[in-house]
Amino acid sequence: MKKRWLVLIVIAVAAVGWFGWRALNPPPKVDPYKTVVLDRGDLSEEITANGVINPVRVVSVGTQVSGTVSALYADFNQRVKQGDILLRIDPSVYQARLAASEAGLANVRATAALQAANARRAGQLVAQDYISRQDYETTLAASKSAAAQVAQASAQIAQDRTNLGYTVIRSPVSGVIISRLIDIGQTVAASFTTPTLFQIARDLTQMQIEAAVAEADVAKVQKGQAVDFTVDAYGTRKFTGAVAQIRLNPTTQQNVVTYTVIVSVANPDGALLPGMTANASFRVAELKNALLIPNAALSFKPEGYKPARRAGNAPRDPDEVTVFALVAGKPQPRAIKLGASDAEMSEVLSGPLKAGDTVITGLTTVAKAKGGIFSGPPDGRKKPAETDKPAARPPSAPKAEAQ
């Protein structure tokens, strides 16, 4: 009996001590809101886009005549000067045409000389009334026709000689060959379109990025803006450039509209190669000592909040954004206008906010303790043991069909 009373006394003392400790050590008070104190700072707004690096001027070298490549004098990465021979096309066909034209010219010249002599004699005869005026005019017309045939044959020779000259392909500019699309023995056909044989970059120390900028961001891009970019070949090394042109021709792919923005880039050390992919960042705005607000505060709305009606049903300013300041422990709406923005912060252009004000960015979530000395399972129900599981019911036999 004494042992039972002793146990009860110990339990009572422990309970009194536990409740006393809880009363003297209450749990810390948790603020229901996540807050940030506004401050001034620097902000850099950027637009990102990808593009391909290409030389500023690329000249495509083609051919005006068809034939088989008989000799090749240039290759990839070779520096050439204006007028250098790049390749030769087999000239035998064009040499034969030129020889035939020259023979035809000799023939029509002989005919023209005969007709000219006939015309002179006819002129003497018609003066003495030995032939009619009509016969004289016919002879004179034949002489003029023969002279015209001489001119025609001369023009044909000039054309054939020019085509023969086209069998030698020369570089139109000085530069570096970045592409060769032909080889010895290949046949080129220049019937309807001029085939491209070489591509020559005039100056690889000046490159350009053809960046695809989304239509939502293209209005923020201005000529002369600074651009930072990286390429995969050089890791984190940063290159710089400037916006040179905003092309007005849009490109649509899978309902996404983009505009091509040309970024001029200096390449003095030749590190940038044609065809590299550039990850560009356009510096849209550089702000100093601006009032900044976290972007998380722009999306917070207290539960049950309804915006107040404006006087006279005045339309709401589409540029205004409502955020909530913490005043005396309660959220108070504040209508502000925003300026430049980056991934984390936005500039406050106007509104009833100032540095030092506290704004709400979200709700505080308190993790509940799992279990306790007097608590049951987390889900409030006792999980049956493996042995308490009901036995699986055998599948019912199909009913016999009625006879």
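The values are calculated or read from the model by the stated rules, or taken from the named source; none is laboratory data. Please read all numbers here as calculations on a predicted model, not as lab measurements. Every residue, glycine among them, receives a Cβ derived from its backbone with ideal geometry; neighbour counts consider all protein chains shown.
Do you know which residues across the range 226-239 are polar (S, T, N, Q) and at pLDDT 95 or above? Correct list: Thr230 only. Would you please name the residue that is modelled with the lowest pLDDT, looking only at residues in the range 298-325 that are surrounded by 10 or more Cβ atoms within 10 Å (Cβ to Cβ) and outside any loop (DSSP other than H, G, I, E, B)? My answer is Glu320. Just to be sure before I move on: is Ala340 farther than 23 Å from Ile47 by Cα, under 48 Å from the mean Cα position of the chain (by Cα) and either surrounded by 10 or more Cβ atoms within 10 Å (Cβ to Cβ) or at pLDDT 75 or above (or both) in the structure I sent? Here the answer is no, as Ala340 does not meet what is asked. In the range 339-356, the residues that are on the phi > 0 side of the Ramachandran plot form Cβ pairs under 7 Å with partners that are assigned to a strand (DSSP E or B), at six or more places apart or across chains, as follows: Gly351/Arg334; Gly351/Ala335; Gly351/Ile336; Gly351/Lys337; Gly356/Val37. Here Ile184, Ile200 are screened, and the one residue that is outside any loop (DSSP other than H, G, I, E, B) and of a type outside the set (Phe, Trp, Tyr) is Ile200. Could you say which residue among Val69, Val7, Val37 is surrounded by fewer than 14 Cβ atoms within 10 Å (Cβ to Cβ), more than 30 Å from Val231 (Cα to Cα) and in contact (Cβ under 8 Å) with a residue 24 or more places away in the chain? Result: Val37 is the single residue among Val69, Val7, Val37 that is surrounded by fewer than 14 Cβ atoms within 10 Å (Cβ to Cβ), more than 30 Å from Val231 (Cα to Cα) and in contact (Cβ under 8 Å) with a residue 24 or more places away in the chain. Of all the residues in the range 83-135, those that are of a type in the set (Ser, Thr, Tyr), touching a residue at least 12 places away in the same chain (Cβ under 8 Å) and within 30 Å of Ser179 (Cβ to Cβ) number 1. Give me a count of the residues in the range 155-169 that are of a type outside the set (A, V, I, L, M, F, W, C) and surrounded by 14 or more Cβ atoms within 10 Å (Cβ to Cβ). Residues flagged as of a type outside the set (A, V, I, L, M, F, W, C) and surrounded by 14 or more Cβ atoms within 10 Å (Cβ to Cβ) within the range 155-169 amount to 6.
In this structure, Ala116 does satisfy being surrounded by 10 or more Cβ atoms within 10 Å (Cβ to Cβ), of a type in the set (A, V, I, L, M) and not in a strand (DSSP E or B). In this structure, does Asp75 turn out to be touching a Leu at 6+ places or on another chain (Cβ under 7 Å) and charged (D, E, K, R)? Spelling it out, it is not the case that Asp75 is touching a Leu at 6+ places or on another chain (Cβ under 7 Å) and charged (D, E, K, R).
Count of the range 189-203 residues, restricted to those that are touching a residue at least 12 places away in the same chain (Cβ under 8 Å) and out of contact with any strand residue (DSSP E or B) (no Cβ under 6 Å at 6 or more places or on another chain), is 4. A count restricted to the range 220-262 and to residues that are surrounded by 10 or more Cβ atoms within 10 Å (Cβ to Cβ) and closer than 13 Å to Arg283 by Cα stands at 13.
Is at least one residue of the range 285-303 more than 25 Å from Glu344 (Cα to Cα) and free of Cβ contacts under 8 Å to residues at least 12 places away in the same chain? No, the range 285-303 has no match at all. Checking each residue in the range 174-187 for being surrounded by fewer than 16 Cβ atoms within 10 Å (Cβ to Cβ) and of a type in the set (Val, Ile, Thr) picks out Ile184, Thr187. Elements of the type strands (runs of 3 or more DSSP E) sitting completely within the range 1-109 and holding at least 2 residues that are farther than 30 Å from Asn289 by Cβ: these cover 39-55, 58-62, 67-72, 85-89. Note on the range 107-138: residues that are at positive phi and among the small types (Gly, Ala, Ser) amount to 0.
Against the numbered list (1) at pLDDT below 90; (2) surrounded by 10 or more Cβ atoms within 10 Å (Cβ to Cβ); (3) over 30 Å from Pro274 (Cα atoms), Val30 comes up short only at (2). Just so you know, in the range 97-113 the residues that are of a type in the set (A, V, I, L, M) and surrounded by fewer than 16 Cβ atoms within 10 Å (Cβ to Cβ) include one that is nearest to Gly165 (Cα to Cα), and it is Ala99.
Scoring Pro172 on the criteria (1) assigned to a helix (DSSP H, G or I); (2) under 30 Å from Ala96 (Cβ atoms) leaves a single failure, condition (1).
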